[in-house]
Structure formats: structure tokens, C-alpha cells
1. Tell me, which strands (runs of 3 or more DSSP E) lie completely within segment 350-399 with 3 or more residues that are within 30 Å of Ser115 (Cα to Cα), out of contact with any strand residue (DSSP E or B) (no Cβ under 7 Å at 6 or more places or on another chain) and not small (Gly, Ala, Ser)?
2. From the residues in segment 127-137 that are surrounded by fewer than 17 Cβ atoms within 10 Å (Cβ to Cβ) and without any contact (Cβ under 8 Å) to a residue 40 or more places away in the chain, which one is farthest from Ile174 (Cα to Cα)?
3. Looking at the structure I just gave you, is Lys202 surrounded by fewer than 15 Cβ atoms within 10 Å (Cβ to Cβ) and out of contact with any Cys (no Cβ under 7 Å at 6 or more places or on another chain)?
4. Which members of segment 281-293 meet the condition of being modelled with pLDDT under 95 and more than 18 Å from the chain's Cα centre (by Cα)?
5. Which condition number in (1) at pLDDT below 85; (2) within 29 Å of Asn417 (Cα to Cα) is the one that Glu200 fails?
6. Quick check, is Asp613 at pLDDT below 85, of a type outside the set (Phe, Trp, Tyr) and surrounded by fewer than 17 Cβ atoms within 10 Å (Cβ to Cβ)?
7. Go through (1) modelled with pLDDT under 80; (2) touching a strand residue (DSSP E or B) at 6+ places or on another chain (Cβ under 7 Å); (3) closer than 30 Å to Asp402 by Cα for Thr553 and report which single condition fails.
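The values are calculated or read from the model by the stated rules, or taken from the named source; none is laboratory data. Please read these numbers as outputs of a predicted model, since none were measured by experiment. Positions of Cβ are backbone-derived with ideal geometry, glycine not excepted, and every protein chain shown enters the neighbour counts.
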Amino acid sequence: MTSKIIFSTAAILFGVSTFAQQSTFDILEKDYEISRKAKKGYLGGVEPSGNGGFEMVYFLPSSKRKVKIETYTFDKDANLVNTLKDEWEVEKVKKKWKFFNFKGDEYITTAASVSSNLTGKMMFKKREIKAKYNWLAGDYVKRIKLLDKQKLTSENGEEYLFSGAYEVERDSTIYALAYPYTKGASLNNLDLVKISNSGESKKIASIATPSPLKPIFSKPLMDDNSRDVSNDDFPRDWIVVLAPTKAYGKSNAGTPNQLTYLRISPEGAVKEQFNFSAPSAGFRILNAYNKGNEVILYGLGIKKEGKYADEILGATVSPSSMDDEEQAAAKSTGGMLGGIGKMANMVSGKDDMAPSQQSLDNALDEKKYDDFIIAKVSGGNISFIKATPMAELNQKAVAGPDMKKALEFDGKKFITNNFQILKDGSMMLSVQDYKPNGGGIGGNKLLGALTGISTSRSGGYDRVYKGMYLLHFSPDGNLVRNYTVQLDQKNKKGFFNNSPMTADNFPAVGYLIESKDGKSVNWIMEIVKAIDKDTSFSSMSNFFTGTTTNTTTTTYSPFYSIEYGKIDLSTGKSSEFRTLGDLEKKKYYLYDKHNRIQIGDYIYFLSETPNGDRLLVSRMDVNQ
């Protein structure tokens, strides 16, 4: 039986509201006190509640069978109108919120991974995972012990050459692409292999290839929900793009820019397969974005006549099914690591580890590229593929009203951090350049958030991020404009300079809110405004030696706030960028996830204080 308790709003929270007019934007802000119980849990979701309002749903520490929930309901004017405390069966929660991943406070399981050894042969490895749920972060902290390993072979006993892998954590399954290999083999058919946690492998499909191929891209699809719902919790289709190579012999290497596209479902069905010509063999695909029935491949190109992708770019796909966090932890000697997409992990045991995807991407970021490339997949084939020379970015660059001239883009040392498709089918890509950090503090260190908690934007801090570029492409892939903004993250108010890194060691994250009529966009940037310092103390006694080891751990967490400006798409003019409302003065920072929701003409941004005792709702009218 479900128990339900409803409290009056006034008895739970106290609110304060402000209304500030900034340039042409009216920002309504109201802040509230959070209950002590909600502070011990995490914000699990934000969703519309009817009549233009919305609900914030907190998950609290719970049992294996039932989940405690606190729901705060707001009207369209950001007034808190109701607070509900409830308790649901776990399965009911999972059905309503697909991203809810609670399996009990602790569990022990075995899992598999596949990777290639130094000769390219595919290996199977077992891992023992001990996991404990962290209710502050909404995910598991894991300790991973590497167990035995073995070579994977085909049904005929042939060794496999690794050509990509995809782990579907939900089903405890790994899918791998591999060539059955014997000396003198023709390598004209890839096996799609399904591998269980116990190491049992089964060939489920044979995929003909025009020549021996190597993967140049292997990732699950991204979509509008990727930010808040991870692929582990809601697996998407797997996209693999393969390119010819001379590594398996020059005589049958194929044409350098003739690529093969595969789309494989989380259940292992080959949904799409076709060949296409790329503008250049050095096509570094950054992501595959799914919108409706179409997939957009976007990335960068290097032109070198007669050269193959692996000769131009080097390795672009990590030869392992393990993600970056597990790889980083497996290379460590112990201790909690901050992650790049998930919770931190701890690993014991020694193993030869494949390079992580992050390390490969970091090396690829250093290259100088000739083109931006956008391709649309529709109806089981390439609808178009367009290359925009880097020189054209500067020809179509637009400066903001507070800039003397537009930023110049040189095609090297930059990252992309957001891709969106507008109502008219045009596309916008956010780009930020960087320079190496000469301060000598960085290198390969990782930033954690709090102990056992990481954010999706943790990473090495050996870069200083600079200008932002927003590239607007027409529906058929032609560059319309390049909007440029010079950021000064280092000198933002509220930044604590006693940390070993500065705000500009973290990239800004830009995204767009489109107006109702589609004639303008609000360019929103999440920028680090403060670095939080957290110190923890632990003590461990050794019964046999009578000694005690004391450990003090200091970790730093980036806190983000909003800056925004408006772009008129027809004229190309933009407003100045401003800090959202009174965020900076009040020391509120964005929730790591579920920090915004758009309902009708309004978008609501959700922030909290560093200790999580108050929340701030900031409402912006996107049609002003």
C-alpha cells in the first residue's frame, strides 16, 4: 500500500522573489529553502505539471523495494504551490522515470569487457564489480577488480581482429564487430558477435565489406535527451563508420574515402548498412545525432591525397568496450577518481589497458583541420554530405556588439560541445578554442567533484579555453554565419582563486533556445563561476601492526552559472551577453542535471546553493 503525505507549502519552504529587467529580457527569480531530507537526496527530474507549471522531483535515500520521493510543484510564475512526500514501489518509479537506476544500496556482480591486445586480436576480460549507491549523486560508486582474460575466437576457432564494441549495460551484453582471422584471410566479412558476462560468444550476423576496414567512429546515437538520460540507463542505437586501411595489406586496401556506415540496435539487429564517399579520407566524425527519422554525422576533415584515414588521423576509436572512467581507474593504483561521464570507479589488479577514447580525442584535438563536414543520413542512405573550408568561417564571422572585430578561427586546438537542429531544419554547432596551459599545474590530473561524485565536465586541466563560435548551417549543410564571442572566464566574480585551477580550465557549454516564430535564438552558455573546495578525512587502522593511517583528501568541483545573449537569425545581429538574473551575487549555481525546462514561452533555469539548502528558479521569456 502506498503512503502519501501532503504538507502545506508555507510550513515547508520560505520563498523570496525578485524581478529584474536586463537589456530586453525580463528575468523573474524566486528562491526557496529546501527540506533537510531533500538535501540528502538528488534532483531526479523536472517535468511539466499542467497550466504552464512544472514539478521538481527529488529521490531520497530509500530501501530496495520502495523509493521515497519529494515533489515540489510550481506555477508558471515560479510560485511554489504544493509539496508532496510520497513512497513508490521501485518498479513503478523505473516505469515512470526511465533514467532511475537504483538496484539496491549495494550489489556485487561480474561483468565483461572486450578489447584488442597489441596485435589487434580481440580479448575477453572478466570484472568483479562491487557497487554502493550514492544518494547525493543518483548513481553508484564502484570498485572493480579485473579477473581472468581469454582470447575470443569464431565458431571455426579463428582469432578475431577487433573492429569496434558496444556495451549495453542494461542487458549485461556486449556487441562486437570483428574479422575472423587466419593467415592469408581475405577479410571481406565482419562478424557481429554477442558476448555475455560469462564469456559466451555467439555470431548473430555476417556483414559484407568492400575491402578490409577499420572503425573511424563507434558511438551510440545522441539525441535531445542525451544530456539528462545516459545511454547506460536508456541505450540508443550503435553507429559505426569504417574506413579502408592498408594495415591488412596494400593489394586490397580499397579507395581511401569510401566509407561504410552501420546502424545496430541495442538488441543486435543491423538496421542500416551502406557505403558512401566522404569529402576527404581524414574524416574525424565527432558525433551522430538523431532527430526524428534522420541522423546527422558532424565532424572535421583533413585532406591528404592518396592517404588513408589511419595514416592521416591515427587511431580514432578506443579498442575497448570499457568507458573512459573504467579505463582511467584501471590504470590507477587505487583511490577514487573523478569521471568524465559517470561516477568514479576504483579498480584493483594489473592489466594491459587499451588507450581510452578521451586520450585519443585529446591527441586528435591537437591536429589542424581543413574543413567542417556535415552529413545527413535519411532513408537508409546519405542524403547530403558537405565540407566547409575553415577559411569560410572567417569570411562569414560575426562580432558581438561589444567586440571591435570578430574572432579569427585557425582550425586547430578546439573542441565542439553542442549540436542542435532548429525548427526549419538548419543546424547550429558550438565550438570553443583553447591554448595549452603554461602554468605547469595540469598534465594528466583529473578533477573530481565531491568525493565519489563526478560531473560530466570533469577532466584534465591543462588547457585554457578562450573564444566561443556558433556555426549556423543551412538545412542542406552550407555555412550561413559564424557568430563569435570572446569569453573572459578567468575574472568572473565569485571565483575562488585558492584552487589549483582557474575557471577557464573548463570549457563553456553553449546551447540554444529557439523563439516561437523561429526568427531568433537565445544563445545560452553554462560557464564556470566558482570552484568549490571539499576536504574529507579518513582513518584506517591495521590490527596486526597496531598502526593507523590518516588520509586527508581535497577535491575541487566546478560550479556553473548562466550567461546568455540573443541572435536575430535574419540579420545576424546579436545582443550583449549577460549573467542570468542575480545568480552571481546570490551564489547560486546550476544543478548538474535537470537544470532547465521550457514550457511555452518561458524557460526556467534551476540553481542551488553550494550546500544544497536553497534553490533558485529563474524564469526567462524566450520570445522577448
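1. Qualifying strands (runs of 3 or more DSSP E): none found.
2. Among residues in segment 127-137 that are surrounded by fewer than 17 Cβ atoms within 10 Å (Cβ to Cβ) and without any contact (Cβ under 8 Å) to a residue 40 or more places away in the chain, the one farthest from Ile174 (Cα to Cα) is Lys132.
3. yes
4. Within segment 281-293, Gly292, Asn293 qualify.
5. The number of the failed condition is (2).
6. yes
7. Every condition holds for Thr553 apart from (3).
Rundown of residues vs (1) buried (at least 19 other Cβ atoms within 10 Å of the Cβ); (2) at pLDDT below 90; (3) in a strand (DSSP E or B), yes/no style:
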residue	(1), (2), (3)
Lys76	no, no, no
Leu84	no, no, yes
Lys95	no, yes, no
Lys98	no, yes, no
Tyr107	no, yes, yes
Thr110	no, yes, yes
Val114	yes, yes, yes
Thr119	no, yes, no
Lys125	yes, yes, yes
